[in-house]
Structures are given as C-alpha cells and as structure tokens.
Amino acid sequence: MARKLRVQYKGAIYHVTIRGVERRTIFDDADDLERFLERLGEAVEASGVRLYLFCLMTNHAHLLVETPRSNLSAFMHKLQTAYTVYYNLRHKRVGHLMQGRFGAKPVEGDEYLLALSRYIHLNPIFVGPMTGQPLGRRLIALRDYRWSSYRGYAGLAKSSEFVDEVPILAMMETPERKQRQAYRRFVEAGIAKTDDEFLEILKGATWGIGGSEFQERIRDLHTDMANQVKRPEDVSFRHAARKISSEAVVDIVADTFGMKSDDLKKRRYDCVVRAVAAQMLGRYAGMNQRDIGGLLNMGTGSAVCRQLKRLRDRRVRGSDLEADIEGIESALEKGKDFSGRS
C-alpha cells in the first residue's frame with residue numbers, strides 16, 4: 001500500500017512524534033536523553049526550524065515544530081540519523097531504532113496550538129507508572145520531570161537554549177513578567193480536569209489538528225501534492241540540497257561584514273559575526289556544533305549553542321543584522337553547487 005505523502009509548506013507547524021521500533025525503548029538512561037537533546041539542538045540550528053517544545057518518554061518523543069523553510073523531513077532525517085548512529089554504537093546493536101516514518105500532523109495556530117502544548121507537556125503523568133496516581137503526586141512528578149520543556153516554560157528551571165518559548169507564552173495575554181506563572185496554571189489545571197473536547201479532536205485528526213476549514217485546506221494541499229508526483233514519497237527528499245564547503249561559508253560571511261576569513265576564527269568577546277558564521281556553517285555546511293566550535297575556536301559545542309541563542313534573541317528583539325544575514329543566505333542558496341574559493 002502506498003504511504004501517505006507528507007504535506008510540507010513554509011511556516012507550517014507540526015506535532016511530530018517518533019516511536020521505538022515495536023514500541024521498544026529508545027532512551028535507556030539519562031546519557032541517552034542528554035545526547036538526544038544535544039542532537040536535537042544541533043538539528044534545530046542546522047535546519048533553521050523553530051522548536052516550540054519537546055517531551056521525551058522512554059519509548060517515544062513529542063516535538064512541536066515550525067518550519068519556515070518547508071524542510072520538516074530534512075530536519076527529522078538529520079535528527080533521527082544522528083541519534084540512531086549514536087545509540088547503536090553505544091548499545092552495540094544494529095538496524096532501525098525508530099518505528100517507520102515519524103508522525104507529523106499540521107497544527108492550526110492559537111487555540112489548538114496552546115491546547116496541544118498542554119497535552120504534550122502533561123504526557124509524563126498520563127502514561128506509564130504515573131497513571132492513576134493521586135493528583136498531588138502527579139503535580140510533583142510533572143514539576144520534577146527533566147526531559148521536557150515544561151520546567152523552562154513554567155519558570156522552574158533554566159529554559160533550553162534551542163527552544164523558542166515566546167509565541168506560546170505570548171498567548172497567555174498577561175504582562176510578560178507573569179506569563180510563565182499563567183502558563184503553569186494553565187497546564188497544571190489539566191491534571192485534575194482533562195480537555196475531553198481537544199482529545200476528541202486529536203483522535204479524529206486525519207489531516208491535521210485544527211478546525212474543519214483547516215483540515216480541508218490540508219487535505220487539498222495533499223491532493224495537489226499527490227497530483228504533482230509519481231512516487232509515494234516525501235516530496236522534500238526529491239530535491240536534496242547539496243552542502244557547501246565550510247571554507248566557502250566562512251568566506252561569504254567574512255566578505256559580507258568586511259572582514260578577513262581568518263579573523264572569524266580568532267576568539268573575540270561578544271563578536272556577533274562569529275555567531276552568524278556558526279549559524280550558517282550548521283545550516284549550509286552541515287556541521288555539528290562541536291565541529292563548528294573547533295573551526296571557529298569557540299570552544300565546546302555548548303559554547304556554540306550559547307552564541308546561537310544570543311543571536312536568536314537579538315534577532316527576535318529586532319536587529320540591524322537582518323539585511324546582512326538575508327544577503328548571506330541568498331548567496332549561500334545560490335551557491336549550493338559551489339565547492340569553495342581559491
């Protein structure tokens with residue numbers, strides 16, 4: 001039976017799920033969970049997606065992702081491949097780790113997006129050993145659970161640097177200083193009273209998570225895509241982008257900002273151009289954060305992650321860098337067949 005085409009378009013938001021093959025464990029311990037989050041952060045930066053939240057369980061994981069570049073499949077391919085290679089080497093196994101293709105349902109914004117965020121964040125206390133436990137124990141377990149983005153959203157721990165919390169917190173319609181408290185109340189209210197109406201929508205979501213008009217639009221997009229391709233496969237993989245050499249990326253960034261390429265590899269305090277170079281190396285040269293840190297002399301992968309977080313924050317607040325970054329991206333998009341400069 002032909003498998004269903006993946007509907008992908010710029011700006012789409014998806015509820016993504018991955019599961020272990022035959023529902024087997026994909027995270028054996030904290031080391032596995034930490035490594036998955038590390039790979040997740042790298043894939044977010046390299047693919048240019050916006051990750052709104054995550055929740056990792058023993059044999060499955062939930063992600064809420066927006067794709068400004070219409071590249072969900074490429075993003076998930078990078079993430080799943082990197083983690084599977086790590087897991088198989090560490091646990092001395094071979095073969096597939098994940099069960100078939102990842103699940104991905106488009107999500108309508110606002111009301112449905114907010115309700116879905118609560119559903120995902122409550123996952124740890126509605127499945128497994130916490131099912132049926134007293135409300136007090138569930139509340140403690142939820143607030144203590146380390147492997148989701150909830151603690152960051154609720155102000156109970158430092159937020160993950162690769163998670164964009166701003167859009168969902170903004171839905172709280174309270175002053176910014178009270179948004180985390182309001183979101184925490186919203187999510188934790190779902191412990192005692194489940195959102196049965198939303199759960200029914202979730203169960204019946206054939207084409208996407210949203211109202212009837214939204215689902216019809218997704219269905220029409222699917223039909224259009226099916227008419228354009230002959231083979232039942234993810235459309236985004238029909239035109240795989242070629243990587244650009246790291247030297248070419250560094251040269252283009254340096255030229256844009258009127259610098260020498262070697263200067264980007266020198267340690268400087270609060271040099272935003274180096275952060276731009278790091279972002280472009282991940283996206284267009286396919287490098288992970290550890291290798292970027294080595295090339296640009298930034299130190300560890302964590303140091304690179306912090307630089308990228310500062311760059312994202314600066315761009316969200318509004319920045320004079322936008323025109324330069326757009327110019328770099330345009331040059332790199334045109335130069336995907338470019339192997340480097342002399």
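Return yes when residue 324 is open to solvent by 20 Å² or more (accessible area, probe 1.4 Å), part of a helix (DSSP H, G or I) and touching a residue at least 40 places away in the same chain (Cβ under 8 Å) and no when it is not. The answer is yes for residue 324. Here residue 43 clears all of (1) over 26 Å from residue 310 (Cβ atoms); (2) modelled with pLDDT under 95 except the condition numbered (1).
Scanning segment 156-178 for residues that are open to solvent by 50 Å² or more (accessible area, probe 1.4 Å) and not in a helix (DSSP H, G or I) gives 156, 158, 173, 175. Going by what's in this entry, would residue 164 be described as touching a Phe, Trp or Tyr at 6+ places or on another chain (Cβ under 8 Å) and in contact (Cβ under 8 Å) with a residue 24 or more places away in the chain? Here the answer is yes, as residue 164 does meet what is asked.
Being in contact with a strand residue (DSSP E or B) (Cβ under 9 Å, 6 or more places away or on another chain) and of a type outside the set (Val, Ile, Thr) is the filter; apply it to segment 84-100 and report the residue that is surrounded by the fewest Cβ atoms within 10 Å (Cβ to Cβ).
100
Screening residue 199 on (1) part of a helix (DSSP H, G or I); (2) at pLDDT 80 or above; (3) within 19 Å of residue 123 (Cβ to Cβ); (4) not β-branched (Val, Ile, Thr) shows it passes everything except condition (2).
Residues in segment 57-116 that are under 24 Å from residue 153 (Cα atoms), among the small types (Gly, Ala, Ser), out of contact with any Cys (no Cβ under 9 Å at 6 or more places or on another chain) and assigned to a strand (DSSP E or B): 104 alone. Inside segment 15-37, residues that are open to solvent by 50 Å² or more (accessible area, probe 1.4 Å), modelled with pLDDT of 95 or more and in a helix (DSSP H, G or I) make up a count of 3.
Within segment 124-155, the set of residues being closer than 21 Å to residue 31 by Cα and open to solvent by less than 40 Å² (accessible area, probe 1.4 Å) comprises 124, 141, 142, 147, 148, 149, 150, 152. When you check residue 136 against the structure, is it in contact (Cβ under 8 Å) with a residue 40 or more places away in the chain and over 30 Å from residue 307 (Cβ atoms), yes or no? Considered against the rule, which asks whether it is in contact (Cβ under 8 Å) with a residue 40 or more places away in the chain and over 30 Å from residue 307 (Cβ atoms), residue 136 comes out as no.
The values are calculated or read from the model by the stated rules, or taken from the named source; none is laboratory data. Computed from a prediction, not measured in an experiment: that's the story for all the values here. Quick reminder, even Gly has a Cβ in these numbers, built from the backbone with ideal geometry, and neighbours come from all protein chains shown. Protein only, heavy atoms only, side chains kept; ligands, DNA and RNA dropped before computing areas. Shrake-Rupley method; radii C 1.70, N 1.55, O 1.52, S 1.80 Å.
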